[in-house]
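Trainee: Here you go, one structure.
The values are calculated or read from the model by the stated rules, or taken from the named source; none is laboratory data. Quantities reported herein were computed from a predicted structural model and do not represent experimental measurements. No Cβ is skipped: glycine too gets one built from the backbone with ideal geometry, and neighbour counts run over all protein chains shown. Areas reflect the complete protein model, heavy atoms only, side chains present, ligands, DNA and RNA absent. Shrake-Rupley method; radii C 1.70, N 1.55, O 1.52, S 1.80 Å.
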Amino acid sequence: MNLGFTYNTMLVLAGVALLGGAAGVIGCFAVLRRRSLTGDALAHAALPGLCLSYFIVGERNRHSLLLGAFLSGIAGVGAISALRRWTRLKEDAAIAIVLSVFFGLGIVLLSVISRIPGGPRAGLESFILGKTAGMTRDDLGLITILALGTLAIVVLFYKEFKLITFDLEFAGAQGWPARSLDFLLQMLLVVAVIVGLPAVGVVLIAALLVIPGAAARFWTQRLGTLLFLSALFGVFAGVTGAWVSANLERVPTGPLVIVFASLVFLISLVFGSRRGLLGQWLQQRTYRRRFEQERLLAMLLERETGMIWINEIPRPFGWTKRRFRRTMDQGVKERLLEYRDGGVILSHEGTARAALVVAMRRSWRELLQTHPQEAPALLRLDLSSADAMDFPLP
Amino acid sequence: MPGADSNAMSPALLDIHDVTVAYQRRPVLWDVDLTIREPCLLGLIGPNGAGKSTLIKTALDLTPRVSGAIRYFGKTLAEVRQRIGYVPQRESVDWDFPVSVLDVVLMGTYGRLGWFRRPGAKEKAAARECLDMVGMRAMAHQQIGQLSGGQQQRTFLARALAQDADLYFMDEPFAGVDAATERAIFSILGDLRDRGKTVIVVHHELRSVPQFFDQVALLNVRLVAQGATATTFTEDNLLKTYGGRLSILDAVGQAVQAQEPTP
């Protein structure tokens, strides 16, 4: 095992970094345009072309192989459009058919090639799961040109791509060549897939397109930031995957890249600032606790005795004892409640708050009855906005 | 000849002539003629599948037509693109898209900006003003995913306003919006007409037609009738458009009744 950065390792890492970045950016648009599966179908459809071009050119020339892959990938996407257009098949069915038919054909061709005496079977097979070890300076050159070209086009057409990805029809109505721009975006997807094939492989390249964008979605709501983050995640997944693969014998690169991409995705899913699971759970809990507190305050105000025993769980609440105690403790901590004779009563501050809660709820109910059509707006009101509005107290 | 009728001194604002559209050999619009000479609020009325949205999309060249000619202000669409505004159906886009309300409204200025130029301070100021007109200035920086249906519709409307067109097509702007939004849209429509603009609105709810529109076009694959609401929005014409379906007849009765008390 060699952890040093040899010339070759540097070459590979630079290559996958560029690849990951470009795939992340283009993948974002694919996800937003609901084309996640197109990338997958494209990659699988590329395999037979790869094999055929091996038959035709005869030896393992990288560029001619990629050209074959490119053409058959486009044929696959064309087949999907044709199936959708001329038959009653829905898009998902069309994608599933094209993906499996082309891939099956590719595998058949691959096994035929493996029976040719002296056929370099291993060379072609690395396209299935990806291998970066064999990357040459030549390959890096091609990747650099295409990846930087892709990024340059996205920067140049940022406004136009944003428009057609959000609202293709509006773009068309405004006079933009919306279909052509969309086609350009799709071609960039094809290029990203084909260039990524040798490194990540037919089976998993779609994941490198989709996962960084999907992960970035948990952190931002701005398209620019989304593209940047997605590129960053793509670079990270590519570089770590390739680096680990270079240091572990016989582990193909593709799966490792996806493992690291998935790691980023999982972290984003849980901790993401926008709709991350943890954030959502905390938000829900905060809301529930506030709701419970308001209920307790209102109940205390409406009770004749003005107090609730600590050991009592008022029936309409249906709470557990622990939850009830916690709500009381929190209320005391916020000086809304006070402990008195084995129970709690409202503090001075608490009484005012409780009155507000009760008044607010009553008005709310009345407003919902008298103005049911304004319900959506009414639902947005809460205690803090009531405070600001100087809600009339009873 | 389009626009060569009696008062041919100034060309018609919109002249849809002999338009036929078919999806896979099944006609959706058949020989439709629709001419608008004066600025107006025109309600495009007809049953489901009558081709209302298709007519709009055809007029905007988003759907290919089998035959027919469409002229705006006596010119072709390509010559006057920026003077034509469009409000698509609200459901036609993904509202979880990562852009802010202001971003969406700014898209209205893209056509004027042309290739590669990004919106600047001037465009942003204009977009904010349009948000003001729909009562959503405070929400400029909110993500569109947080908007209610009515707010989504207002955002779309603001985007169209930002384009500052002379003729607008709106595809069901009143569908599924709250009362406040309905009022807001209605007042903006009136405002546009007062400024000499023309608005063509696909509309579903018959009862509000006399209140909202001064002109109507009744469409069911063919154009049944077009003209001033007072004279064209009649029970007779509605029957020709909708046929004798019971539920519709009810609505017709109510609509015509609603029309009568208005001075």
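Trainee: Give me the residue from segment B:87-102 that is more than 19 Å from the chain's Cα centre (by Cα) and at the interface with chain A (Cβ under 8 Å from one of its Cβ atoms) and, out of that set, surrounded by the fewest Cβ atoms within 10 Å (Cβ to Cβ).
Mentor: Applying the first criterion (more than 19 Å from the chain's Cα centre (by Cα)) to segment B:87-102 yields B:94-102.
When the remaining residues are screened for being at the interface with chain A (Cβ under 8 Å from one of its Cβ atoms), the result is B:94, B:97-100.
Numbers: B:94: 15, B:97: 18, B:98: 25, B:99: 22, B:100: 19.
Across segment B:87-102, the extreme among qualifying residues is B:94.
Trainee: I've got another one for you. Anything in segment B:127-182 that is over 23 Å from residue B:44 (Cα atoms), in a helix (DSSP H, G or I), more than 13 Å from chain A (Cβ to nearest Cβ) and touching a residue at least 12 places away in the same chain (Cβ under 8 Å)? List them, or say none.
Mentor: Hits for segment B:127-182 are B:127, B:128, B:130, B:131, B:133.
Trainee: Return a yes/no flag: does segment B:189-200 have any residue that is out of contact with any Pro (no Cβ under 9 Å at 6 or more places or on another chain) and more than 21 Å from residue B:36 (Cα to Cα).
Mentor: no
Trainee: Can I ask one more? Going through A:234, A:213, A:276 one at a time, which residue ends up being within 14 Å of chain B (Cβ to nearest Cβ) and open to solvent by less than 40 Å² (accessible area, probe 1.4 Å)?
Mentor: Only one candidate passes the filter, namely A:213.
Trainee: Being over 30 Å from residue B:101 (Cβ atoms) and part of a loop (DSSP other than H, G, I, E, B) is true for just one of A:133, A:147, A:94. Which residue is that?
Mentor: A:133
Let's see how each residue does on (1) aliphatic (A, V, I, L, M); (2) out of contact with any Leu (no Cβ under 7 Å at 6 or more places or on another chain):
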residue: B:121; (1), (2): yes, yes
residue: B:136; (1), (2): yes, yes
residue: B:158; (1), (2): yes, no
residue: B:161; (1), (2): yes, yes
residue: B:177; (1), (2): yes, yes
residue: B:185; (1), (2): yes, no
residue: B:190; (1), (2): no, yes
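Trainee: Looking at segment B:172-187, which of its residues are among the hydroxyl-bearing types (Ser, Thr, Tyr) and open to solvent by 30 Å² or more (accessible area, probe 1.4 Å)?
Mentor: B:187
Trainee: In the set A:94, A:22, A:43, which member is open to solvent by less than 20 Å² (accessible area, probe 1.4 Å) and under 30 Å from residue B:25 (Cα atoms)?
Mentor: From the options A:94, A:22, A:43, the qualifying one is A:94.
Trainee: Taking the options B:241, B:232, name whichever one is farther than 14 Å from residue B:55 by Cα and in contact with a Leu (Cβ under 6 Å, 6 or more places away or on another chain).
Mentor: B:241
Trainee: Still on this structure, I have one more. Tell me which residues, restricted to segment B:21-64, are open to solvent by 20 Å² or more (accessible area, probe 1.4 Å) and among the β-branched types (Val, Ile, Thr).
Mentor: Taking segment B:21-64 and keeping what is open to solvent by 20 Å² or more (accessible area, probe 1.4 Å), we get B:22-27, B:30-31, B:33, B:35, B:37-39, B:48-49, B:53, B:57, B:61-62, B:64.
Selection gives B:35 alone.
Trainee: Related question: Could you check segment A:272-298 and list, in sequence order, the residues that are within 24 Å of the chain's Cα centre (by Cα) and without any contact (Cβ under 8 Å) to a residue 40 or more places away in the chain? Show your work before the answer.
Mentor: In the first step, residues of segment A:272-298 are kept if they are within 24 Å of the chain's Cα centre (by Cα); the result is A:272-284.
Within segment A:272-298, A:277, A:278, A:279, A:280, A:281, A:282, A:283, A:284 meet the criteria.
Trainee: I'm trying to understand the selection: among the residues of segment B:60-86, which are among the basic types (Lys, Arg), within 12 Å of chain A (Cβ to nearest Cβ) and in contact (Cβ under 8 Å) with a residue 40 or more places away in the chain?
Mentor: B:83
Trainee: Another one. If the requirement is being at pLDDT below 95 and either within 13 Å of chain B (Cβ to nearest Cβ) or surrounded by fewer than 24 Cβ atoms within 10 Å (Cβ to Cβ) (or both), which of these qualifies: A:146, A:163? Quick ask: steps written out before the conclusion?
Mentor: Details: A:163 fails: at pLDDT below 95.
Unique residue meeting the criteria: A:146.
Trainee: Further, regarding this structure: If we keep just the residues of segment B:110-125 that are over 23 Å from residue A:169 (Cα atoms) and open to solvent by less than 70 Å² (accessible area, probe 1.4 Å), which is farthest from the other protein chains (Cβ to nearest Cβ)?
Mentor: Out of the qualifying residues, it is B:125.
Trainee: Consider residue A:309 against the criteria (1) modelled with pLDDT of 85 or more; (2) open to solvent by 70 Å² or more (accessible area, probe 1.4 Å); (3) aromatic (Phe, Trp, Tyr): it satisfies all of them except one. Which criterion is unmet?
Mentor: (1)
Trainee: Could you tell me which numbered condition residue B:47 fails, if it satisfies all but one of (1) part of a strand (DSSP E or B); (2) out of contact with any Leu (no Cβ under 6 Å at 6 or more places or on another chain)?
Mentor: (1)
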